[in-house]
Each structure stands twice: as C-alpha cells, then as structure tokens.
Amino acid sequence: MLSINDLRASIEGKEILKGINLEVKPGEVHAIMGPNGSGKSTLASVLAGREEYEVTGGSVVFEGKDLLELAPEERAAEGIFLAFQYPVEIPGVTTINFLKTAVNEIRKYKGESPLDAAQFLKMVREKAKLVSMNDSLLKRALNEGFSGGEKKRNEIFQMAVLEPKLAILDETDSGLDIDALRIVAEGVNSLRSPERATIVVTHYQRLLDYIVPDFVHVLYKGRIVKSGPKELALELEEKGYDWIKAEVEAVG
Amino acid sequence: MSTETIDLKTRLITDFHAREAVMNGEASSEFHQKKRAGLARFEQLGFPTIKHEEWKYSNVRDLISVSYDFNAESSIGLAELEDLKVPAQQANILYFVNGRYNAELSTIISPVEKITISSLADAYKNDPARVASYFNELTKDADDAFTALNTAFTQDGVFVHIPDNQSVEHPIILRFVSDAREKNVGSQPRNIISVGKNSHVKIAEAFRTLGEQRSFTNAVTEINVAQEANVQYYKVQNESENAYHIGTTQVRMADRSHFYAGTVTLNGKFTRNNLNIVLDGEHCDAHMYGLYFPDGSQHVDNHTVADHQKPNSESNELYKGILRDKSKGVFNGKIFVRPDAQKTNAFQSCKNIVLSPDASMNTKPQLEIFADDVKCSHGTTTGQIDEEALFYMRSRGISQPEAMSLLMFAFCADVVSQIKIDSVREYLENVITQKLASK
C-alpha cells in the first residue's frame, strides 16, 4: 500500500529526514516512536503534503502512485488522512459544512455525484455515534473553542466520515486524559479493517495499550534505527530512549 | 489633457443660481434657506484634495474631472431592474432612479396612518414646515464639502417618520438605481429618518448602477434615534466599475436607544462612506459593522465616528475587508469620549486580508478621550489567508480554491450575519459567493 524509500526532507535548509524506509501493507498498524525532535511529525507532515517541507530525495509510492507528485487534496482523495497534532480552529465554518464540502470534493475527484443533504446527514450521524461525538459540536465552528479532547475526537470523527485507506495519527494522544484517550482509541479501532492501514506517531507507549500495533519503529535523528514487534514499545516505555541512542552512537 | 474649461465646482454653483432664479416665492422658504447655506458652505470648502487630513488616502480628482447630468431622465422599468434588485420579501420597497422617487416601481405596505414612509419631495409637498425642520438638523455642523453640496442640491430621497411606541413590522428597503446606460449621471439623495421613543425599525439602502457610463452618487442620510428606540440600518453598495459614491450617514442617539449599522461595499470604482454616530444619551449602544471586498482598481474608504457625549454608553465596531488585485482600502475610525462621558465602553476592530501584492490597506484608529473612567480598545490586523487553516482544509480533500472560498466566506460571515433583514443578508451571501468564485 505505502512504500517509502530513502525519503529525505528538509525545512529551511535543515535536513530532518535522512533516509526513511518503510513498507506498510493493508490491514497493518505501524507505530512510529522516538524522542522529541527525531522527525516523527515531519514524516507525518511530508506524507500529507505540507508545503513548508522540501523533499530532497527518495520516493513515496502509495497504491502505485507517486505520492510526492500529488497536492494535499489529491492525497486526501486518494485515501490518505492525517489526524493533526494541533487541529486548526476555523471560525465561521461549521464542522458539518466543512465535512460536507470535503466529502463532496473527494467524490468529485473520484467522478462520483455529490451526496444530497439527507444522505450526508444520515451518514454523519452514524459516524458521530461511532466516536461519541456530540451533535451540538457539529453545528459549531470547526474546532473553535473546542477542548483538547473535543478537537482530537473531531479528528477521529472526520477520519470516520472520510474513510481513508491510510490514516496517519500524529501525536493524537498528546494533551488527552485517559478517558478521552480511550474514546479516541476506540474510534480508531472501530475503523480498523483488512483493507485499511494506520500509522500511529507517538512519543509515549500508553496510546499503544489501546491501539495495538503490528510493528513498532523507532525514529532517531531522521532515520528508523530500530523496528520490532509490539513488545518493542513496552521496552521503550520501561527503558526510555537512551539505550537506543547509545546503540546508534556506538555504530556511528 | 482635460478639455473641460469649467470645473465641476463652478458648474454646480452656476447651476444652483440658475435654478434659484426661477423659483419665485419658494426661494424665501426655510427649506431653501438651508440649501442656500449649504451652497455657501460648499463654495467656501471646495472639493477636498489629498492635503485635507480626512481625504489623505482618497483622491477625488478623478471623480470631479468630468461633468454629470444631475437631472437625467430614465425610462427604466421593473424588467431592467429584475437582475439588480435585492430579493423580495414582505417589505416596504422604495425605488429611486437617478435620485428621484419612482412611485410606479415602489411598494409601501406599512400602515401610512401610523407611520410616514414617503419620498422627501412628497413629504415636503404635504408638510413643508415639518420636513424643513428636520432637514439638515443633524448635519448642520458638518465640515464636509460633499454633505454641504448634498444640502444645496437636495431634491429627493426618503422621509421616514415613526411616532413613539411603534414597532415597524416590515423593513424599509430603499433601492437607489443609477441609470448610466447613456451618459454620466449624478444624484444626491437625502434621506431623513426620525424614529420615535421606544419604536423599532429596520432600514436598508441598496445602491446599484445600470450601464457602463459613470455614475456619481452623493448621498446623505440623517437618522434621529429617540429614547429607547431600536434602529437597524444597512447600506449595501454593489455598483459598477464606473460608479463613484460618496455617502454620509449622520446619526444622533438619545438615552437607552440602540443603533446597529451594517455597511457592505461589494463593488464600485470609488467609494467613500462616512458613518458618524453621536451618542447623545446615557445607556445607549451603537454597533457598527462593515465589510468591503474590492477588486480590480476599486477604492473603498470607510470613515467612522463614535462620539460619546454622555456617560454610561457603549460603542462597538467591527470592520472587515478582503482586498484583491490592485484595489485599495482605507479605514479611519474615530472614537471621541467627551469630558462628561464617564463609564464609556468603546471597542473598535478592523481586520483585513490582502490577497495581492498590488493591493493595499490603510488603517487609522483615532481615539480622543477626555474622560478618565472609560474602557476603550482598538485593534487592526492586515494579513494574508491563514496558511495553516488552508492546509488543514486541503488535507481533508478540499481543493485550494474551494478552501480559499470557504475561509473568505467565513471571514465575511462575522459581518454578514449581523444583517437582520433576511432578504438583504441572503442577497449579500449570494453576491459574496459569486465574487469568491470569480477568481
């Protein structure tokens, strides 16, 4: 599904990603962990098409297409979804209107006719229930005045509505208390399927108690320096990142 | 080079005297005396240049470089107005074509035995003393050449008189149409609106142009808001690429009254709006909302004044602008807090999005505070579209142009949602949507 090969990216001339290699197959959940500043969020941003980052080398192929050639909206229409670490507040645009536009723009991209208001509302209500999203939030301006938990839940709700093939969760656990974390994780899990894949970017192990990964990768200084099964996350939780850093420095 | 040998000022003054010469007895009336005083004031002030502090960023040289027919006839009918009109609803709708009331096109549905809604010319015919007593009362001290010019040449406009304790159910919509299909036309409407104690009314002025020739509108509206009255007043300008508009709305508020103004400029070559509110009462509140959306080489200038004269009142102001292409915007917001006006709350905000490197915005808040126990704040921002918001929307599959449109529509919505006449608000939403889609 997703094939990342020697991906290099920089911002303002500073190289952040220094050759990432990653294969993601349908149905898989990959966790990307690593200390602060290792490039985790950069990887998520580059995959979603954030334009501040300059890709300086390597390739990303998604479902047979050169992802790096696509605009952010085209990537979304192809089935990539980024749950933001810091969801943006957009005054004056209601969540429901925003999502309706998004759904119909993606349908247009795929050559499908737009959903009518009734179809759309029915679908949205079902998805809102799935992530315990309060109806009243849908009518409010997008994320405006939402609590941290509400914003993150809104991300997962949007994901449920857009049904991406590949979801990238960027530090979705940051700023969440344990109850909010559980609700968000349940939402993500309910969307798991053999056709869909998920990349979970996180600093801490605790989210992975709820969203259990198939693979754990440790990102450090712009490279994946270690990969392993889900138990690797527990080891990191216990021992911290220093032993990984030491390993990397030793190899030079 | 200009081949005009007589400038507009001289031409207007000559025209005034020529008309006066054939007035017979009417020339001695109170009404005409006020007009004559207006002419004298205009003669003394002359058209402003950019050396004038109030006109620093708005040059009227182009406006006054040609002549206009201020008495142009028009055969305009409803058919031609169909695509110009604000969508209909149950409302009093008064048409003014080239500045003159057109009874055939107009509909007045509010009970005339209770409230007066008529053309100024008709009102004057019926009761000259009453109209003359209101005329130019609020604007008599105005230090503005265009207001003085309007006073000198007042012929028509609307006259609304609402007695005490009336809630006017149907809004009053004034549609000013410049028929510039054949030649340069000018009009100088004067609207006089008096709202009695504890009365409520919604009024909108909508300006449109037909045709490609130049139009020059020099409009003045005087609104007197009595105690506890509630007035919603909107001005909508959607004129042509050759339309020049100078307008002054002068408001006086009494104790415990409420006044809401919405000024929306969507199109027009050169627009200058003066909105002057005198809070001449205690516990009253004035609200000013403005939106301008120029493109091409359009120029929009909003000057506002909130003049707090008595204690315990509040003014609240929000102006927003989107500027494209080579357009220019000007915002000058004055807040006066007079020595007696303790416990005043006055807030002002002006926010702009400049979408082109060739567009520009000049903002100038001006606070003059002579009382010590007051709360005043002002802020202006001028920036581009929020890139983070744009990326967020695109990451959900919304194309860049569509995302821009949504963001800009949302930016406008703060102001548009304040318009409480449904048909006017819907009209604005439609025009803004079309305009956003046009680039």
Gap in Å between the Cα centre of region B:247-277 and the Cα centre of region B:393-416? 28
Which residues qualify? For A:TYR220, with a placed amide H closer than 5 Å and at least 5 residues away or on another chain, they are A:VAL225
Using alpha-carbon coordinates, inclination of helix A:242-251 to the longest axis of chain A, degrees: 50
Please report the Cα spread of the protein assembly as shown along all three principal axes, rounded to whole Å, starting with the longest. 106, 56, 50
Between B:ASN59 and B:GLU429, what FRET efficiency comes out of the Förster formula 1/(1 + (r/R0)^6) with R0 = 45 Å and r the beta carbon distance, rounded to 0.05? 0.85
Estimated translational D of region A:151-252 in µm²/s (Stokes, Kirkwood radius over Cα pairs; 25 °C; 0.890 mPa s): 167
Cα centroid separation, region A:81-120 to region A:16-51 (Å): 25
Excluding B:GLU239 itself, calculate the net charge of residues whose Cβ lies under 10 Å from the Cβ of B:GLU239, where each Lys or Arg counts +1 and each Asp or Glu counts -1. +1
Looking at the protein assembly as shown only, what percent of DSSP beta bridges run antiparallel? Nearest 5 please. 20
Residue by residue through region A:182-193, what is 3J(HN,Hα) from phi via Karplus (6.51 cos²θ - 1.76 cosθ + 1.60, θ = phi - 60°)? Round to whole Hz and write x for glycine and proline. 5, 4, 4, 5, 4, x, 4, 4, 5, 8, 5, 7
Tell me the Rg and the Dmax, in Å, that the Cα atoms of region B:388-439 produce. 12.4, 37
B:GLU239's amide H: which non-local residues (gap 5+, or another chain) put their own amide H closer than 5 Å, with H modeled 1.01 Å from N in plane and none for Pro or chain starts? B:LEU266, B:ASN267, B:GLY268
Fraction of beta bridges assigned by DSSP in region B:8-280 that are antiparallel (%, nearest 5): 10
Residues with amide H under 5 Å from that of B:LYS320, placed H, sequence gap 5 or more: B:GLY290, B:LEU291, B:TYR292, B:LYS351
Give me the one-decimal Kirkwood hydrodynamic radius in Å for region B:8-280, with the sum taken over alpha-carbon pairs. 18.9
At 0.890 mPa s and 25 °C, plugging the Kirkwood radius over alpha-carbon pairs of region A:2-251 into Stokes-Einstein gives what diffusion coefficient in µm²/s? 131
Fraction of antiparallel bridges per DSSP, region A:117-252 only, in percent to nearest 5: 50
Could you list B:PHE216, B:PHE16 so that the one with the fewest beta carbons within 10 Å of its beta carbon is first and the one with the most is last? B:PHE16, B:PHE216
Hey, got the dipole for region B:148-190? About the Cα centre, +1 on K and R Cβ, -1 on D and E Cβ, debye to the nearest 20? 220
Could you work out how far the C-alpha centroid of region B:42-57 sits from that of region B:150-199, in angstrom? 26
Summed side-chain charge close to B:ASP280 - residues other than B:ASP280 whose Cβ falls under 15 Å, Lys, Arg +1, Asp, Glu -1: -4
What order do you get for B:LEU174, A:LEU137, A:LEU176 when you list them from fewest to most C-beta neighbours inside 10 Å? A:LEU137, A:LEU176, B:LEU174
Backbone N under 11 Å from the A:SER59 label point (7 Å along Cα→Cβ), restricted to region A:21-40: none
For region B:328-401, the fraction of alpha-carbon pairs in successive 5 Å shells from zero, as %: 4, 13, 18, 12, 13, 11, 10, 8, 6, 3, 2, 0
Once you charge only the Cβ atoms, +1 for Lys and Arg and -1 for Asp and Glu, what is the size of the charge dipole of region B:380-438 about its Cα centre, to the nearest 20 debye? 80
Table column - 3J(HN,Hα) (Hz), region B:398-407, Karplus curve with 6.51, -1.76, 1.60, x for Gly and Pro: 8, 4, 4, x, 5, 5, 4, 4, 4, 5
For B:ARG61, B:ARG100, A:ARG153, B:ARG19, order by how many other beta-carbon atoms lie within 10 Å, fewest first: B:ARG61, B:ARG19, B:ARG100, A:ARG153
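Bear in mind these aren't lab numbers, they're just calculated from the coordinates by the rules spelled out. A quick note: this is a predicted structure, and the numbers were derived from the prediction, not measured. Positions of Cβ are backbone-derived with ideal geometry, glycine not excepted, and every protein chain shown enters the neighbour counts.
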